[in-house]
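Before any comments, here is the structure.
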Amino acid sequence: MGITTDEIMEVLAREISMKIIDRSPGGIYKLKHNRSPTIVTIYFDEKTGILTSSLLQDVMSEKFKRIANDMWKEYMGE
């Protein structure tokens, strides 16, 4: 007995303050934020373990840009 994809997605949803409102056998999960009507669709490829969501990619990209910018400023002594 191991950890299921649904269990992993439940933990992920909880960590990002969202709730799974729909799931399909093909690894497609629809999540809704606890305080917003926005619905996010996440695709989970069970063979590779890769999550795909344009919204999450955008958020992570913005965080990476901010961190890289802060590191560059620190390096330049600003």
Notebook entry, point to check: Which one of the conditions (1) among the β-branched types (V, I, T); (2) assigned to a helix (DSSP H, G or I); (3) at pLDDT below 85; (4) out of contact with any strand residue (DSSP E or B) (no Cβ under 9 Å at 6 or more places or on another chain) does I8 fail to meet, given that it meets all the rest?
Noted result: (4)
Next item on the list: Residues being in a loop (DSSP other than H, G, I, E, B) and of a type in the set (V, I, T): count how many of those fall in the range 17-43.
Entry: 1
Notebook entry, point to check: Does V59 meet the test of being aliphatic (A, V, I, L, M), at pLDDT below 80 and not in a strand (DSSP E or B)?
Noted result: yes
Item checked: Residue check, E74 part of a helix (DSSP H, G or I) and at pLDDT 85 or above -> no
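The values are calculated or read from the model by the stated rules, or taken from the named source; none is laboratory data. Bear in mind the structure is a predicted one, so any value in this text is a computation, not a measurement. Ideal geometry is used to build each Cβ from the backbone, glycine not excepted, and the neighbour counts take in all protein chains shown.
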